[in-house]
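Below: one structure, written as structure tokens.
Read the figures in this text as sums done on the coordinates, not as results from a lab. A quick note: this is a predicted structure, and the numbers were derived from the prediction, not measured. Virtual Cβ from ideal backbone geometry, glycine too; neighbours counted across all protein chains shown.
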Amino acid sequence: MARPSKNPEEKRTIEYKIRFNEEENKLLNNLLDAYFIDKEKKGTIRPFIRQFLIQSSKGSNIYDQNMISKLVYEINKIGVNVNQVVRLMNQKNINKNNVNLEHDLKELNRIMHNMYLRVNEIIADNDSQNTI
């Protein structure tokens, strides 16, 4: 069974071929890395550039769901690691009276909480921009 044909408005008929110098290529690679785009995976760069141009022309930020999901996943992994360290310390009675360690753990908890809040702000901003 063949794929259904697109409406004429949806078809992409205009093609550009573009070349980059070393500095421009570095900028593009940094941008792709910032958005967690896999440069080696076929078919990822062109859609990203297209979406980036469209979102930039609207004056909105481009935060795709994939990037946000990866960020949340990494924050959760950090939290799991911290919890494992604290559990091990409690089991072994290591530095139980160390006030600096307790202060550092509270500070880390505060920073992670702020990261969660910022991610939620980004998601809310992204959702509101997509509905306009």
Region 102-107 - phi-based ³J(HN,Hα) in whole Hz, Karplus 6.51/-1.76/1.60, Gly and Pro as x: 4, 4, 4, 5, 5, 5
Violating pairs (Cα-Cα greater than 29 angstrom) within the set K26/K106; K11/K39; K70/K92: K26/K106; K70/K92
Residue exposure sequence - E74, E23 - by fewest surrounding Cβ within 10 Å: E23, E74
Sorted peptide list for 11-21, 30-40, criterion being average Cβ within 10 angstrom, highest first: 30-40, 11-21
Contour minus Cα-Cα distance for L101 and T44 (0.36 nm per residue): 16.2 nm
